[in-house]
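First the structure, in the form of C-alpha cells, and then the observations on it.
No value in this document is a laboratory result; all are computed from the given coordinates. Note that this is a predicted model, so its numbers are computed, not measured. We place every Cβ from the backbone using ideal geometry, glycine too, and count neighbours over all the protein chains shown.
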C-alpha cells in the first residue's frame, strides 16, 4: 500500500499543472504542459499556422526547450527522476501476488512513458552540447565557419570519437523506445495501441535514422543541425509522419 501510494503521489507531481505567472507576465512552466505540449509527439501531428507540415520534429521541440533552457531542463530532470522512482515502485507492486498486478503494470507503463520522454530529450540536449564542443556544422547553420574551426582545431580521431559517442547515444535511445513499445503492447488497451504505437514509432525511427546517418556518412561530411534534421529522414520516418 505504501509503495503504491508513493508512486501515485509521484504521478501527481509529474503531471502537475500551474497557473502562476512570472513578473513579466509569462506563465510559469508546468510539468504537465512540458510533457504534453513540448515533449510528446502528439501535439506536432497537427497543422500549425506559419509552420511547415509535417512539422519539424524533434527540432521544433528542441527550439522551445533551448529558448528557456535552464527552466525546461530543471523540470525535465525532475520528471525523469520522479518517473524513475515511480517505475521502481510499480515494478515492486506488480511483482507482489497480493496486489492487482495487471493494474500495477498498466501504471508502470505510464511512468515508463514519462521517463522515456524525458530521457529522450535530455539525450538530445547532450548530443547538441557534444556537437558544439567539436564545433561541427550544426545549430547556427554556419557550415563554412564550423568546417574551418574543425580543420584548425580538431583532429580526425577526436571528430570520429564524438560522432561515435552521439551514434551510441542514439542507439541507446532507440532501444529504450523499443522496450517501452513492448511494454505498451503488453499493457495498453487494444483500441489505443495503433495511435500510441505510431507516436512511439516516430521517436524510435528518428533515433534509428540518426544512428544510421552517423554510421554511414564519412566523418568529414557529417553535419548535425538538431533544430532541423529533415536531411537525414528515412522513407519510413516520412511515412510515419
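Over region 31-143, Cα pairs under 8 Å with separation of 6+ residues give a relative contact order of 24 percent.
The Cα center of region 205-241 and the Cα center of region 1-76 differ in position by 25 Å.
Approximating the spin labels as points 7 Å out from Cα along Cα→Cβ, the residue 95-to-residue 197 distance works out to 2.9 nm.
In terms of surrounding Cβ atoms within a 10 Å radius of their Cβ, 19, 87 rank from fewest to most as 19, 87.
Estimated from helices alone, the mean residue ellipticity of the chain at 222 nm is -22500 deg cm²/dmol (sum of -39500 (n - 2.57) over DSSP H runs with n ≥ 4, per residue).
Report, as a whole number in µm² per second, the diffusion coefficient that Stokes-Einstein gives for region 2-240 at 4 °C and 1.567 mPa s using the Kirkwood radius over alpha carbon pairs. Could you put the intermediate results ahead of the total?
On the way: Rh = 19.4 Å.
My calculation gives 67 µm²/s for D.
Against the main long axis of the alpha-carbon atoms of the chain, helix 69-94 sits at an angle near 40°.
For region 2-240, the relative contact order works out to 21 percent when only alpha carbon pairs closer than 8 Å and six or more residues apart are counted.
Fully extending the segment from residue 186 to residue 132, taken as 0.36 nm per residue of separation minus the present Cα-Cα distance, adds 15.5 nm.
Using the 10 angstrom Cβ neighbour count as an exposure proxy, how do 28, 111, 93 rank, fewest first? Walk me through the numbers on the way to the answer.
On the way: 28 12, 111 25, 93 20.
Lowest count first: 28, 93, 111.
Cβ-Cβ distance of residue 179 and residue 24, R₀ of 41 Å, FRET efficiency by 1/(1 + (r/R0)^6): the value works out to about 0.50. Pairwise Cα separations in region 66-138 fall into 10 Å bins from 0 onward with the following percentages, short to long: 19, 35, 23, 15, 7, 1. Compared with the dominant Cα axis of the chain, that is its longest principal axis, helix 156-187 is turned about 30°.
The slack between residue 70 and residue 46, meaning 0.36 nm per residue of separation minus the straight C-alpha distance, is 5.9 nm.
Can you tell me how much longer the chain between residue 1 and residue 236 gets when fully stretched, taken as 0.36 nm per residue apart minus their C-alpha distance, in nm with one decimal? Mind showing how you got there, number by number?
Details: separation 235, 0.36 × 235 = 84.60 nm, distance 4.45 nm.
Extending this stretch completely gives an extra 80.2 nm.
Using the Kirkwood radius over Cα pairs, work out the Stokes-Einstein diffusion coefficient for region 1-52 at 25 °C and 0.890 mPa s, in µm²/s as a whole number. Present the calculation step by step, with values, prior to reporting the outcome.
Working: Rh = 13.4 Å.
Stokes-Einstein gives a translational diffusion coefficient of 183 µm²/s.
Report, to the nearest 10°, how far helix 143-153 tilts away from the longest principal axis of the Cα atoms in the chain, using its own Cα long axis and a range of 0 to 90°. That helix lies at roughly 80 degrees to the long axis.
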